[in-house]
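Engineer: Have a look at the structure that comes next, please.
The values are calculated or read from the model by the stated rules, or taken from the named source; none is laboratory data. Note that the structure is a prediction, hence the values are computed from the model and not measured. As a convention, Cβ positions derive from the backbone with ideal geometry for all residues, glycine included, and neighbour counts pool all protein chains shown. Heads up: the accessible areas ignore ligands, DNA and RNA and are worked out on the full protein's heavy atoms, side chains in. Shrake-Rupley method; radii C 1.70, N 1.55, O 1.52, S 1.80 Å.
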Amino acid sequence: MKVTYTLIGRWDMKNAEKLKNTMQPGQVYRRQDLVSSSTAVDRDLKTLVASGDVQKLAGGLYYRPDKNSFGVTRPDDRGLLRAFLKTDDFLLTSYNHFNQLGLGLTQVYNHYLVYNHKRSGDFTLGGKRFKFRLVPAYPHELSKEFLLVDLLNNLKHLPDNTDLVRQNLKYHLSAFNLKKVRECLARYGRPASRTALEKAYA
């Protein structure tokens, strides 16, 4: 019986090794992506997770770590979100970016925002907290003009002194491209944001 168990263990490891070799280091995979590479994908993934060759990031989400001179790498945020959402169509941002606008905000946040068209809710992926929000539109890349509009859109959710933000806005408008602000406001701004900017530019 001991010989049989040993052979089964070796067979499991061999199959798991085959699955590992189909996974690129530094890449995040959904379980569904790996089904065609294994006849017993759950068993093989369990074996690889136990050996440390693969990390389980969340339910149905796996990462094959890469290594560099500093040690084992963490999954890339965009790759992680791409696998989770099964699309490249999203915008990763954070309330922390608002602190860089020079409007008096100082609060530090330990979560990220993901604007997208597919998922809503709070999820912990790879040890990081993400808040997924369904929004009608968002840019492909962050700009300080978009961040200004996004700040005004989310002002009521922030614990900072929002009256101070409105006051500071009047004195820092020259730091923003007016044309781009208006474009972002038209595409992404809420009514309250439009009102706030109209008062600031008045």
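Engineer: Could you figure out which of (1) in contact (Cβ under 8 Å) with a residue 40 or more places away in the chain; (2) open to solvent by less than 10 Å² (accessible area, probe 1.4 Å) isn't true of residue 116?
Structural biologist: So the condition that residue 116 fails would be (1).
Engineer: Only one of 78, 82, 119 is within 20 Å of residue 143 (Cβ to Cβ), charged (D, E, K, R) and either in a helix (DSSP H, G or I) or modelled with pLDDT of 95 or more (or both); which?
Structural biologist: Every option except 78 fails the conditions.
Engineer: Here is a follow-up. Quick one: would you say residue 52 is open to solvent by 60 Å² or more (accessible area, probe 1.4 Å) and not hydrophobic (A, V, I, L, M, F, W, C)?
Structural biologist: no
Engineer: Can you tell me which residues in the stretch 161-180 are aliphatic (A, V, I, L, M) and without any contact (Cβ under 8 Å) to a residue 24 or more places away in the chain?
Structural biologist: Within the stretch 161-180, just 178 meets the criteria.
Engineer: Would you mind stating whether residue 63 is touching a Ser or Thr at 6+ places or on another chain (Cβ under 6 Å) and either among the aromatic types (Phe, Trp, Tyr) or not in a helix (DSSP H, G or I) (or both)?
Structural biologist: no
Engineer: Considering each residue of the stretch 94-106, count those that are out of contact with any Phe, Trp or Tyr (no Cβ under 7 Å at 6 or more places or on another chain), in contact (Cβ under 8 Å) with a residue 12 or more places away in the chain and polar (S, T, N, Q), and give that number.
Structural biologist: Adding up the residues that qualify gives 2.
Engineer: Additional query: What number goes with the only condition from (1) part of a loop (DSSP other than H, G, I, E, B); (2) open to solvent by less than 50 Å² (accessible area, probe 1.4 Å) that residue 141 does not pass?
Structural biologist: (2)
Engineer: Just give me the residues in the stretch 181-202 being without any contact (Cβ under 8 Å) to a residue 40 or more places away in the chain and open to solvent by less than 50 Å² (accessible area, probe 1.4 Å), in sequence order.
Structural biologist: 181, 185, 200
Engineer: Another question, if that's okay. Is it fair to say residue 92 is surrounded by fewer than 18 Cβ atoms within 10 Å (Cβ to Cβ) and at pLDDT 95 or above?
Structural biologist: yes
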